[in-house]
Amino acid sequence: MINTCGSLRLLRKAWSRCSSTVSQSYNLPLNFVNGVRTDPTDPTSEIMNVEEPATGRLLKSVPGSGQGDVNAAVENAKNAQEEWGQMSGTERAKFLFNAARILEARQEEVAHLEVTDTGKPIWEARFDVQTAIDSLTYYAGLAPTICGQHFNLPNGSFGYSRREPLGVVVGIGAWNYPIQMAGWKSAPALACGNSVIYKPSQFTPLTAVVLGEVFAEAGLPDGLYNVIQGGVKTGEYLTNHNDVAKVTFTGSVETGTKIMTACANGIKHVTLELGGKSPLIIFEDADVDNAVNGALMANFLTQGQVCSNGTRVFIHSSIFEKVVSKLVARVKAIKHSDPHLDDCKMGAMINAEQADKVLGYINRARNEGAEILAGGELVQMEDAKLRGGKYISPCILKTTDDAEISREEVFGPVMNVYSFDSEDEVLIRANDTKFGLAAGVFTKDLARAHRCVANIKAGSCYINNYNIYPTELPFGGYKMSGLGRENGTVTLEYFTQLKSVYVESGDVYCPL
Ligand code: NAD
């Protein structure tokens, strides 16, 4: 998930001026409460083993944070929010613009830390940090615009609405886009006058806490943005806390269901960004080279571990062989290397468990009759220091719509290809999924492109591109892919609540 193609040129200039020193900040405490890094004071029995995916090296083991840590963070967040929520949007904006500038100055360092934490190539990590900077900048700009409405009522009376903060917002993230998620959740929440407690995935705890340092340096009040590390137990302490007003979650459908249940029990606001199994349709009149590039973007960023990936690629039968042979040639040329290197194309899977899960899907697909056209194997790395990591060669397979691998989210570098004959047929097949996160259409016939996206049940649709996420465009799912939206102006509504005020200008009429 990258922001915009146009930013790439500007970023290249900036990178050339940056140093590429890898931060050793993982040696420091990883919670961030009341403006400082701390260790848990009430540890859970869950131990977080923080590994570097590229090498398999254990960076550190830390316990998860317990109820006492969560209580302390919520108390601090509550206190900090009172004053922050009273500020004008313009005042809040100044802090957030500052934070954007400071994060930009640390972009290269944070990007390398993200590579250490996730195993993704450095060029992608730079984009991820950029998306967090963009979110801070965008919501800083919107903060002063947050307002209610005025209503004229009979006899000189009137009403108005106030758009007010929710209070303490909990963010819980997945492991594939850690800094992006911390930015995308905290920037709008803070712009709207809330405080934030963020829990990154237990597999990728390193960069959300650096964002805490950035906020502190930008002058945000202590306690306004906190990071609490831990796994399932810590997440449950956070989502069940009575003083939390909202949970904004990114992760699996399974966990999203549990989080929605916890929020229902406490009548809390909830946003859910969940999984996907998205279709990408390539019509016979498509620009083939662009469509091939789009299909690669739709499947192999972050080693295929992307929620919005267009993993079901439907290709018109008249160009099927041509497109597939180009895809196979391109995919076979993708080589893995040290993800910290500028020319790295593909990095390591997040961990051995995820690699086994992906290889399990590929093996079962093969047994079910799928034709493996490329990749799908564990790669033995030449570089000795990378041999502890798990690298999977990008896979293309030809299969049927009802195969397990066509229906389940694999979350790895696996593209399924299918042939189709007509628009009506492909739309039915594209929509035949419990998910509805994203979809793409490649065609030169723009009337057809708009007709298709109007008929596809998915929250983010692309015409002649894929996996581009500018801050301005709302992002989120239909069906089991989620509820609510991130990015765009609409997100201000998800982090505020409305108060209506009636003002009487005459006497009180009372027939009693
Ligand atoms: P996950 O659901 O296993 O975990 C996500 C987070 O939830 C982690 O921080 C975890 O510690 C926490 N958690 C787990 N159980 C919890 C509980 N009972 N209460 C509170 N918190 C709990 O997901 P994952 O494996 O980290 O990420 C992969 C999934 O995330 C995929 O399904 C992917 O599609 C999805 N995802 C969605 C988006 C999106 O924007 N739609 C983006 C990225 C990833």
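Looking across P474, P470, P511, one residue alone is without any contact (Cβ under 8 Å) to a residue 12 or more places away in the chain and either closer than 30 Å to Q149 by Cα or not aromatic (F, W, Y) (or both). It is P511.
Among the residues of this structure, T496 counts as one that is surrounded by 22 or more Cβ atoms within 10 Å (Cβ to Cβ) and more than 15 Å from the ligand (Cβ to nearest atom).
Taking the options A264, A245, name whichever one is out of contact with any helix residue (DSSP H, G or I) (no Cβ under 7 Å at 6 or more places or on another chain), among the aliphatic types (A, V, I, L, M), open to solvent by less than 40 Å² (accessible area, probe 1.4 Å) and more than 8 Å from the ligand (Cβ to nearest atom). Among A264, A245, only A245 is out of contact with any helix residue (DSSP H, G or I) (no Cβ under 7 Å at 6 or more places or on another chain), among the aliphatic types (A, V, I, L, M), open to solvent by less than 40 Å² (accessible area, probe 1.4 Å) and more than 8 Å from the ligand (Cβ to nearest atom). When T90, T137 are checked against the criterion of being closer than 22 Å to E217 by Cα, β-branched (V, I, T), more than 24 Å from the chain's Cα centre (by Cα) and open to solvent by 10 Å² or more (accessible area, probe 1.4 Å), T90 stands alone in meeting it.
Inspection of segment 335-357 finds no residue satisfying the criterion of being of a type outside the set (D, E, K, R) and without any contact (Cβ under 8 Å) to a residue 12 or more places away in the chain.
Residue count for segment 111-134, restricted to those that are closer than 21 Å to G389 by Cα and open to solvent by less than 10 Å² (accessible area, probe 1.4 Å): 14. Cβ separations smaller than 7 Å between residues 6+ apart or across chains give the following pairs from segment 241-255 residues that are over 19 Å from D69 (Cα atoms) to residues that are open to solvent by less than 10 Å² (accessible area, probe 1.4 Å) and away from the ligand (no atom under 11 Å from the Cβ): T248/V169.
Scanning segment 313-333 for residues that are under 18 Å from T400 (Cα atoms), part of a helix (DSSP H, G or I) and open to solvent by 30 Å² or more (accessible area, probe 1.4 Å) gives a single hit, E321.
The residue list Y462, Y466 contains one member that is closer than 19 Å to Q180 by Cβ and outside any loop (DSSP other than H, G, I, E, B), which is Y462. With respect to the conditions (1) open to solvent by 40 Å² or more (accessible area, probe 1.4 Å); (2) more than 24 Å from Y138 (Cβ to Cβ), A449 falls short on a single one, namely (1). For segment 424-443, the set of residues classified as open to solvent by 20 Å² or more (accessible area, probe 1.4 Å) and either modelled with pLDDT under 95 or touching a Phe, Trp or Tyr at 6+ places or on another chain (Cβ under 8 Å) (or both) consists of R429 only.
Those strands (runs of 3 or more DSSP E) of segment 115-225 in which 3 or more residues are within 16 Å of the ligand (Cβ to nearest atom) occupy 168-172, 195-199. When S393 is tested against (1) more than 28 Å from Y478 (Cα to Cα); (2) open to solvent by less than 10 Å² (accessible area, probe 1.4 Å); (3) within 27 Å of the chain's Cα centre (by Cα), only condition (2) is not met.
F283 meets each of the listed conditions (1) surrounded by 23 or more Cβ atoms within 10 Å (Cβ to Cβ); (2) closer than 21 Å to L427 by Cα; (3) of a type in the set (A, V, I, L, M, F, W, C); (4) more than 16 Å from the ligand (Cβ to nearest atom) apart from (1). In segment 22-54, the qualifying residues are those that are assigned to a strand (DSSP E or B) and of a type in the set (S, T, N, Q), and the one that is nearest to N351 (Cα to Cα) is N49.
The values are calculated or read from the model by the stated rules, or taken from the named source; none is laboratory data. Because the structure is a prediction, the values reported are computed rather than measured. No Cβ is skipped: glycine too gets one built from the backbone with ideal geometry, and neighbour counts run over all protein chains shown. Side chains are part of the model used for accessible areas, which takes the heavy atoms of the whole protein and leaves out ligands, DNA and RNA. Shrake-Rupley method; radii C 1.70, N 1.55, O 1.52, S 1.80 Å.
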